[in-house]
Amino acid sequence: MTRKRLFYIISTLVLGAAAIISTTVSFHRASKATTPSAVGSPFTGESSMSSADPPENSEGPWPSCVNKTSEQCIQYIKSLVGEEANSMSFKVIGEYDFVTMDYRTDRVWIRTNTNGIVTVVPRRG
């Protein structure tokens, strides 16, 4: 392999890696800026809801569901939503389960631990 060819391969790899890192950092910053403050971390169960946040309503998110069973959470959300609950889909999933990224207002994700206790603030999506 010639020296010129080797230089070309190495510089292409370096520039490609720099582009990937730049894109990743930009995406991470953009997703942080658009993440609702009530969602918190899907892996730790932390929520950034404060006492100054507005009361829960039918649109969600529903921080009161954390530390309840999934069934209690579903009943609570249905009581807030009313008639719309008949057309909604409640998806109970594990704390670390992957989910589809399409956003649907008629779907509520409820993340639970192995004991069936809600660990992350449920939200539409």
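Taking 0.36 nm per residue of sequence separation and subtracting the Cα-Cα distance, how much length would be gained by fully extending the chain between residue 107 and residue 95, in nm to one decimal?
2.6 nm
For a quick check: with amide H placed at 1.01 Å from N, whose amide H comes under 5 Å from residue 107's, ignoring anything fewer than 5 positions away on the same chain?
89, 125
So which chymotrypsin sites (Phe, Trp or Tyr not before Pro) in region 63-110 end up in coil per DSSP with only 15 or fewer other C-beta atoms within 10 Å?
Answer by residue number: 96, 98, 103.
Pop out the ³J(HN,Hα) list for region 104-121 in order, Karplus 6.51 cos²θ - 1.76 cosθ + 1.60 with θ = phi - 60°, rounded to Hz; leave Gly and Pro as x.
Each residue's phi maps through the Karplus curve to give 10, 6, 8, 10, 10, 8, 10, 8, 10, 7, 5, 8, x, 9, 5, 10, 10, 4 Hz.
Hey, can you rank 78-84, 57-63 by average C-beta count inside 10 Å, highest first?
Details: 78-84: 12.6, 57-63: 17.3.
Packing proxy ranking, top to bottom: 57-63, 78-84.
Computed from the coordinates by the stated procedures, all read-outs in this text should not be read as laboratory data. Note that the structure is a prediction, hence the values are computed from the model and not measured. Because the Cβ atoms are built from the backbone with ideal geometry, glycine has one as well, and the counts that use them run over all protein chains shown.
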